[in-house]
Amino acid sequence: MKILYLETSSKNCSVAISDDEKLLSLCEETSENYKQSESLHTFVEWALEGAELSLKDIEAVCLGKGPGSYTGLRIGAASAKGFCFGLNIPLVTVNSLDAMAEPYFNGEYDYIIPMMDARRMEVYTKVFNQKREEVSPTEAKILDENSFSEYQDYKVLFVGDGAKKSQEILQLSKAEYKDEIYPSAQYLVRKASEAVKNKNFEDIAYFEPFYLKDFQGVKKKSAGN
């Protein structure tokens with residue numbers, strides 16, 4: 001199955017195309033100015049050219065659903081829905097933090113912790129073990145010196161633009177940090193292929209991106225009542 005991938009949750013505007021799990025093309029650019037609105041559809045055209053396909057050959061769309069940039073996610077979701085409605089094809093989604101962790105399940109680390117920078121000392125994050133199992137779910141976390149202390153005896157990799165602020169404050173002697181990492185469409189492929197095979201399709205009309213900040217705010221308010 002030919003799948004089109006859109007990942008717009010961060011500074012990296014990223015588009016890819018695969019044939020099942022075989023990556024055919026990738027077009028992406030990281031910009032401080034968040035260029036999704038002006039670049040996304042051009043990147044789709046370039047990715048199609050690179051894969052030697054036309055839009056009508058695409059059989060499903062996969063979207064990096066967030067968390068991340070509110071505006072970036074809205075642009076990606078609107079485009080994904082437009083392609084799916086126009087071509088009458090299904091939509092699958094993958095957590096954008098999963099895409100950040102995907103390249104590092106190589107046996108080198110006990111835990112992989114992707115981090116997207118949010119405001120001040122806050123990050124969007126989740127925790128995986130080396131078996132790709134989710135140990136801690138996606139959350140908006142305010143960092144302090146005790147954050148992630150339960151992993152102090154393990155080899156941990158913090159990955160993403162939130163890793164820089166975590167490196168400045170965390171007291172984890174065995175941790176490593178890779179901060180120039182953003183979600184890339186190429187790392188949506190494995191999970192998207194699984195979703196397509198299992199027919200875990202989104203309801204295109206009602207789908208909304210994973211706006212973690214909005215959800216987190218409601219959760220905090222309820223907890224205080």
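The values are calculated or read from the model by the stated rules, or taken from the named source; none is laboratory data. The model shown is predicted, which means the values in this text are computed figures rather than measured ones. All Cβ positions, even for glycine, are placed from backbone atoms using ideal geometry, and neighbour counts span all protein chains on display. The protein model used for the area step is the full one, side chains on, heavy atoms only, and it has no ligands, DNA or RNA in it. Shrake-Rupley method; radii C 1.70, N 1.55, O 1.52, S 1.80 Å.
Take the Cα of D19, step 7 Å toward its Cβ, do the same at E52, and the gap between the two points is 0.9 nm. In the full protein context, segment 97-178 carries 49 Å² of accessible surface per residue, based on a 1.4 Å probe and ignoring ligands, DNA and RNA. Here's the picture: a label point sits 7 Å out from the Cα of N129 along the beta-carbon direction, and within segment 88-119 the residues with their amide nitrogen under 16 Å of it are 105-113.
Compute, for the chain, the length of the dipole vector about the Cα centre, with Cβ point charges of +1 (Lys, Arg) and -1 (Asp, Glu) only. Units Debye, rounded to 20.
Numbers: 27 positive and 36 negative charges, 133 e Å.
That gives a dipole near 640 debye.
Go ahead and run the numbers for FRET between D179 and E38, Cβ-Cβ distance against an R0 of 30 Å, rounding to 0.05.
Values: r = 26 Å, r/R0 = 0.86.
With R0 = 30 Å, the Cβ-Cβ based efficiency is 0.70.
Only protein heavy atoms count here; under a 1.4 Å probe, Y187 has an accessible surface of about 80 Å². Packing here is the average count of other Cβ atoms within 10 Å per residue, and on that basis the peptides 163-170, 27-34, highest first, run 163-170, 27-34. When nucleic acids and ligands are ignored and a 1.4 Å probe is applied, I142 ends up with an accessible area of around 110 Å². Any of K164/K199; K126/K178; K155/K199; K131/K174; K22/K56 with alpha carbons more than 27 Å apart? Name them for me. Going by Cα-Cα distance, K164/K199; K155/K199 fall outside the 27 Å limit.
Carbon and sulfur: what percent of segment 97-178's accessible surface (1.4 Å probe)? Can you show the working numbers first?
Details: 1500 of 4010 Å².
Solvent-exposed carbon and sulfur of segment 97-178 make up 37 percent of the total.
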